[in-house]
Amino acid sequence: MLDPQLLRKDLEDVLQRLATRKNPQPFLDEAAFRALEAERKAIQ
């Protein structure tokens with residue numbers, strides 16, 4: 001499970017670390033996460 005706070009704070013590092021896994025898979029849709037985060041910030 002990925003920590004939402006870590007994703008908000010350092011998304012680029014998380015994506016790089018996920019890419020170094022033995023069998024990298026698209027665990028995180030970066031575009032969708034950024035869109036949801038923008039929507040969350042607009043609502044707040």
Label-point separation, D13 to Q44 (7 Å along Cα→Cβ), nm: 1.9 nm
Quick one: P(r) of the chain from all Cα-Cα pairs, 10 Å bins, percents rounded to integers, in order of increasing distance. 25, 54, 18, 3
Put K9, K22, K41 in order of accessible area, largest first, probe 1.4 Å, and you get K22, K9, K41
Compute the acute angle (0 to 90°) between the alpha-carbon long axis of helix 30-43 and the principal axis of greatest extent of the alpha-carbon atoms of the chain; round to the nearest 10°. 20 degrees
On the full set of protein chains, 1.4 Å probe, figure out the accessible area of E39 and give it in Å² to the nearest 10. 110 Å²
From the backbone phi of the range 4-9, what are the Karplus-calculated ³J(HN,Hα) couplings (6.51 cos²θ - 1.76 cosθ + 1.60, θ = phi - 60°) in whole Hz, Gly and Pro given as x? x, 5, 5, 5, 5, 7
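The values are calculated or read from the model by the stated rules, or taken from the named source; none is laboratory data. Because the structure is a prediction, the values reported are computed rather than measured. FYI the Cβ positions are ideal-geometry reconstructions off the backbone, even for glycines, and counts take in every protein chain you see. These area figures cover heavy atoms from the full protein model, side chains too; ligands, DNA and RNA do not enter into them. Shrake-Rupley method; radii C 1.70, N 1.55, O 1.52, S 1.80 Å.
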